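Novice: Questions regarding the structure given below will be posed in turn.
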Amino acid sequence: MSNAVKENTILKDLLTYQTHLNGQSSLLEKIRKESAEKVKNTPFPTTRDEDWRFTNLKPLTRGGDFVPDQEESSEYDPSELEEYFIPESENTRLVFINGRFSTEYSSIDDLPEGTLIGNLAEFAAEDNKIVEEHLNQYAEYEEDIFTYFNGAFLDDGSMVYIPQDTKVESPIHILNFYTNSDQDFFTNPRTLVVADKFSKSTVIEEHIGLSDNRYLTVPVVELKLFEGANVKHLRIQRDSRQAIHISRPVAHVAQHSKYESYTITLGARLSRNDPKIVATDEEVDFTVDGLVLIDGDQIADTHSVMDHRQAHATSHQLHKCVINGEAHSVFNGKIFVRQGAQKIDSFQENRNLLLSRDGHVNTKPQLEIFADDVVCTHGATIGSFEDEELFYLKSRGLSGEKARELITYGFALETIENIEVDSIHQLLLKEVERYSKSHRDEPEAKPVA
Amino acid sequence: MLEIKNLHAVVAEEGNEILKGVDLTINKGEIHAIMGPNGSGKSTLSKVVAGHPAYEVTEGEVIYEGEDLLELEPDERAHKGIFLAFQYPVEVPGVTNSRLLREAYNTIAKEQGREELDPLQFEDYVKEKLELVNMKPELLERSVNAGFSGGEKKRNEIFQMAVLNPRLSFLDETDSGLDIDALKTVANGINSLAGEDKAIVLVTHYQRILEYVDPDAVHVMMDGKIAKSGDKQLAFKLEEEGYDWLEKEVQVNAQ
Ligand SMILES: Nc1ncnc2c1ncn2[C@@H]1O[C@H](COP(=O)(O)OP(=O)(O)OP(=O)(O)O)[C@@H](O)[C@H]1O
Ligand SMILES: [Mg+2]
């Protein structure tokens, strides 16, 4: 009486394209082989899996087949790319076009001694010790076919190493461009950031869809922060409105280190983001804030894990979503406090501003605490505009539209206030302004049942 | 300027009647005070005049400068010069005071056919107004009322009034919770914003503000109606003797 549905084999089928990759590094080759095996042995998720209950992968599984990117088929105008460069990162810029490293547009120069920034595949081919030691060590997403899928195609990617006691002043700007193309393509960007003891750096990871075509990108980001390291990680997802973006950013943070990440989700038809921060030692401090602005038929799903394995950690997560049209936002935030991890101070809040009748929100903050001396506050709210707030602004002469625009803008602003890279801050202000302006109509009243 | 006749209003959601036949006439150049016990409908009256959607007017009329005010949206009323200083000013996170005020000022100016101000001009304009209410300039760049102290919120309402320069203002308990210095500052602000072609209605529980702002009339609201009107002496009597005597008087009159 089994009514088992046939498993979707889309990712398994794509493994045939592994032969397209170059074989210059035995390390990468080994990871690819092992990962491919895991892809074969891991079931593709369905909405019957707890972690995928609210997010249907139809936009990925239905539609044209994916091919690896053939460079010839990609169409873009070089000046288009340059618009996205920022002056702060003139000499600290890595550019990828449909997953391929671009020597032409990347620019790395004037780095402090010992600092390494460049193409992961090249470092791996040179048997770089840091890559050997750290690559694929942190992305522990058990039974996650997407992480394995990324590993199976490990090739070009970003590699950042900041030596001990070094501060890299310029933010390191990693631009992943996705171009228009005749055929839907898939890419598996990988980023490795190793921040040595007491170093300080900022990494901007951007995903930019240049057109409105369909593609699949599965970024895996691994960050290792050694003792006392300080890393700011800005993630800006501006994928095409038909893209499928499934990302796994993971940070392992050691004693006295500080990791701050801000993820801004604007694009993609379907995005799924699973940030995971693991406090491997005592006295760490980390932030995993997020802002999601979606409309139309977009789905944005964040499943985060804040894993406190040792005592005396401070952690912060403010995840804000604005939803319009028929868009759907999902949040599942797990806070783990392991046995003996006392004196944890953890804050988590998911706030949703629902602008339309047909928008949809699922939210579930989740605490799993196995220590007794901890302070964990968590909560979730879903709300529309408050009458009192609207009336206050209207009584000052603002139209209903303007009032809603300002409230939306103000709501979203809080999550980007702490972003210190000026170009990026300005860019996000504009995005927030644009979004708020285009969604100021009065929500239709729910029909009375 | 404003004529309220037999105004009845209910809570739109559940139909509970709060205003039960208010009559009140306010002429240009006048300052009126409205007093009355908690829950008698003072704030509701102010909000109905400003157009709060939570209340539905079931009877009566509100005529402002010959025009039916009840037909207008709250923002249209503001464009015509009506202002409400809230008893509980609302926090608007992420929107700075200066942004709100510039937006508000320019919208109203445009509607009234006056010139809009660019950010620099507006900065100059606002500077004098800050001094008028003795408000710290930092508060301009803070989110509207967010994290403001009680006194700062009240001062901010008067500051907004100063910037928008309304013709008819309802100040709902703007004097509550102010220390003596703040009270004087706020009173000074009010006096300098009063004028021949303007009118101000002070909703208050205390006569102490009336020592600095001289009212032309004092009204007492009870159970959704104006129960008694008089001059400043009425305020003194109420402060000394409470509302009991008036309640009795109202009951006797009713019989
Ligand atoms: N939106 C509302 N929904 C339900 N009841 C309301 C609403 N607004 C006012 N009321 C009720 O109407 C009555 C009058 O309230 P209002 O705020 O106008 O009184 P007030 O005279 O301003 O009192 P106070 O001196 O305490 O400020 C109260 O009983 C109050 O609970
Ligand atoms: Mg009141």
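The values are calculated or read from the model by the stated rules, or taken from the named source; none is laboratory data. Note that the structure is predicted; figures quoted are calculated from it, not measured. Here the Cβ positions follow ideal geometry from the backbone for every residue, glycine too, while neighbour counts run over all protein chains shown. These accessible areas exclude ligands, DNA and RNA; they are computed on the full protein's heavy atoms, side chains included. Shrake-Rupley method; radii C 1.70, N 1.55, O 1.52, S 1.80 Å.
Novice: For a 18 Å ceiling on Cα separation, which of these pairs sit above it: B:Lys28/B:Lys110; A:Lys12/A:Lys38; A:Lys167/A:Lys232; B:Lys47/B:Lys248? List each step's numbers first, then the result.
Specialist: Numbers: B:Lys28/B:Lys110 24 Å; A:Lys12/A:Lys38 10 Å; A:Lys167/A:Lys232 12 Å; B:Lys47/B:Lys248 28 Å.
Where the Cα-Cα span goes over 18 Å, the pairs concerned are B:Lys28/B:Lys110; B:Lys47/B:Lys248.
Novice: Between B:Glu128 and A:Arg357, what's the calculated FRET efficiency when r is the beta-carbon distance and R0 is 41 Å? Round to 0.05.
Specialist: Between B:Glu128 and A:Arg357 the formula returns 0.35.
Novice: At a threshold of 8 angstrom on Cα-Cα distance, excluding pairs fewer than six apart, so keeping six or more, what relative contact order does region A:10-274 reach in percent?
Specialist: Working: 621 pairs, mean separation 47.9, N = 265.
After rounding, I find 18 percent.
Novice: Further, regarding this structure: Total accessible area buried between chains B and A, 1.4 Å probe, in Å² to the nearest 100?
Specialist: On the way: alone 12440 and 19330 Å², together 29680 Å².
Its buried surface, counting both partners, is about 2100 Å².
Novice: Return P(r) of region B:11-127 (all Cα-Cα pairs; 10 Å bins starting at 0; whole %; ordered from short to long distances).
Specialist: The calculated distribution, bin by bin, is 10, 35, 34, 18, 3.
Novice: Another question, if that's okay. Long-range amide H contacts for A:Arg272: which residues qualify at under 5 Å (H placed 1.01 Å from N, peptide plane, sequence gap of 5 or more or a different chain)?
Specialist: For A:Arg272, the qualifying residues are A:His245, A:Ile246, A:Ser247, A:Asp301.
Novice: Once phi is turned into ³J(HN,Hα) by the Karplus curve 6.51 cos²θ - 1.76 cosθ + 1.60 with θ = phi - 60°, what whole-Hz value does each residue of region A:268-277 show in order, with x for glycine and proline?
Specialist: 6, 6, 9, 10, 9, 10, 10, x, 9, 10
Novice: With an 8 Å Cα cut-off and a minimum separation of 6 or more residues, compute the relative contact order for chain A in percent. Don't jump to the answer; show the numbers that get you there.
Specialist: Details: 1124 pairs, mean separation 43.9, N = 449.
So the answer I get is 10 percent.
Novice: Next up: Roughly how far apart, in whole Å, are the Cα centres of region A:372-409 and region A:275-323?
Specialist: 22 Å
Novice: Let me ask something else. Determine, from the Cβ-Cβ distance of B:Gln121 and A:Ser79 and an R0 of 30 Å, the FRET efficiency 1/(1 + (r/R0)^6), rounded to the nearest 0.05. The partial results should precede the final answer.
Specialist: Numbers: r = 38 Å, r/R0 = 1.26.
After rounding to 0.05, the efficiency reads 0.20.
Novice: Can you give the alpha-carbon Rg of region A:10-274 over 2.2 N^0.38 Å, where N counts its residues?
Specialist: Numbers: Rg = 17.5 Å, N = 265, 2.2 N^0.38 = 18.3 Å.
Normalised Cα radius of gyration, region A:10-274: 0.96.
Novice: Separate question: With loop defined by DSSP as not H, G, I, E or B, and exposure as at most 10 other Cβ atoms within 10 Å, which is the longest segment of chain A clear of exposed trypsin sites (Lys or Arg not before Pro)? Numbers along the way, then the final one.
Specialist: Values: sites that count: A:Lys6, A:Arg48, A:Arg62.
No qualifying site falls inside A:63-449, the longest such stretch.
Novice: Please compute the alpha carbon radius of gyration of region B:2-236, then divide it by the globular-protein estimate 2.2 N^0.38 Å. Two decimals is fine. Walk me through the intermediate numbers first.
Specialist: Values: Rg = 17.3 Å, N = 235, 2.2 N^0.38 = 17.5 Å.
In units of the globular-protein estimate, region B:2-236 measures up at 0.99.
Novice: Now for a separate question. Can you quote the Å³ per residue value for the convex hull of the Cα atoms in region A:126-245, rounded to an integer? Each step should come with its number before you reach the end.
Specialist: Values: hull volume 13.9 nm³, N = 120.
About 116 Å³ per residue, rounded to a whole number.
Novice: What are the semi-axes of the equivalent ellipsoid for region A:281-368, taken as the square roots of 5 times the Cα gyration tensor eigenvalues, largest first, in whole Å?
Specialist: For region A:281-368, the semi-axes come out at 31, 10, 8 Å.
Novice: What residues qualify as long-range amide H neighbours of A:Cys376, i.e. H under 5 Å apart, gap of 5 or more or another chain, H built at 1.01 Å from N?
Specialist: Hits under the 5 Å cutoff: A:Ser346.
Novice: A further question follows. Scan chain B and note any complete DSSP helix (H) whose C-alpha atoms cover at least 18 Å along its axis and whose Kyte-Doolittle average is 0.5 or more.
Specialist: Details: long enough: B:97-111 (21 Å, -0.93); B:119-132 (20 Å, -0.70); B:150-164 (21 Å, -0.54); B:180-193 (20 Å, 0.58).
Qualifying helices: B:180-193.
Novice: Which value, in Å², gives the accessible area per residue of region B:164-214 when a 1.4 Å probe is used on the protein heavy atoms? Can you show the working numbers first?
Specialist: On the way: 1890 Å² over 51 residues.
That works out to 37 Å² per residue.
Novice: With the radius of gyration and the Kirkwood radius both derived from the Cα set of the protein assembly as shown, what is their ratio Rg to Rh?
Specialist: On the Cα set of the protein assembly as shown, Rg over Rh gives 1.08.
Novice: Taking the simple approach of a point 7 Å from Cα along Cα-to-Cβ for both A:Ser211 and B:Ala254, what is their distance in nm?
Specialist: 7.7 nm
Novice: Now for a separate question. Tell me what chain B gives for mean residue ellipticity at 222 nm when only DSSP H runs of n ≥ 4 count, each as -39,500 (n - 2.57), the sum divided by the residue total, rounded to 500 deg cm²/dmol. Let's see the in-between values first.
Specialist: Details: 8 runs with 94 residues, N = 255.
Rounded to the nearest 500, the figure is -11500 deg cm²/dmol.
Novice: How much of the accessible area of chain A, in percent, comes from carbon and sulfur atoms when a 1.4 Å probe is used? Mind showing how you got there, number by number?
Specialist: Working: 7950 of 18230 Å².
Carbon plus sulfur share of accessible area: 44 percent.
Novice: Rounded to the nearest 500, what is the 222 nm mean residue ellipticity of chain A from helices alone, with -39500 (n - 2.57) per DSSP H run of 4+ residues and division by all residues?
Specialist: Numbers: 10 runs with 89 residues, N = 449.
Dividing the helical sum by the residues of chain A leaves -5500 deg cm²/dmol.
Novice: Return the subset of B:Lys198/B:Lys237; B:Lys42/B:Lys237; B:Lys42/B:Lys80; B:Lys5/B:Lys154 for which the Cα-Cα distance in this structure is over 25 Å, preserving the input order.
Specialist: On the way: B:Lys198/B:Lys237 28 Å; B:Lys42/B:Lys237 19 Å; B:Lys42/B:Lys80 22 Å; B:Lys5/B:Lys154 30 Å.
From the list (B:Lys198/B:Lys237; B:Lys42/B:Lys237; B:Lys42/B:Lys80; B:Lys5/B:Lys154), the Cα-Cα distance tops 25 Å for B:Lys198/B:Lys237; B:Lys5/B:Lys154.
Novice: In percent, how large is the relative contact order of region B:2-236, given Cα pairs closer than 8 Å and 6 or more residues apart? It would help to have the intermediate numbers written out before the result.
Specialist: Values: 441 pairs, mean separation 69.5, N = 235.
Taking the mean separation of contacting Cα pairs over the length of region B:2-236, I get 30 percent.
Novice: At 37 °C and 0.692 mPa s, what whole-number value in µm²/s does Stokes-Einstein give for the translational diffusion of region B:118-255, with Rh from the Kirkwood sum over Cα pairs? Don't jump to the answer; show the numbers that get you there.
Specialist: Details: Rh = 16.7 Å.
So the translational diffusion coefficient is about 196 µm²/s.
Novice: Given the C-alpha centroids of region B:1-70 and region A:16-75, what is the distance between them in whole angstrom?
Specialist: If we compute the Cα centre of each part, the gap is 66 Å.
Novice: Tell me the GluC sites (Glu not before Pro) within region B:82-166 that lie in a loop according to DSSP and have at most 10 other beta-carbon atoms within 10 Å.
Specialist: Numbers: sites: B:Glu91, B:Glu103, B:Glu111, B:Glu115, B:Glu116, B:Glu123, B:Glu128, B:Glu131, B:Glu138, B:Glu141, B:Glu152, B:Glu157; in loops: B:Glu91, B:Glu115, B:Glu116.
Listed in order of number, the matching sites are B:Glu115.
Novice: Let me ask something else. Taking the dipole about the Cα centre of the protein assembly as shown, with the C-beta of Lys and Arg at +1 and of Asp and Glu at -1, give me whichever of B:Tyr105, A:Gln298, A:Val203 is farthest to the positive side.
Specialist: Farthest towards the positive pole: A:Gln298.
Novice: Label points 7 Å out from Cα along the Cβ direction at A:Lys33 and A:His378: separation in nm?
Specialist: Each label point is offset 7 Å from its Cα along the Cβ direction, giving 4.1 nm.
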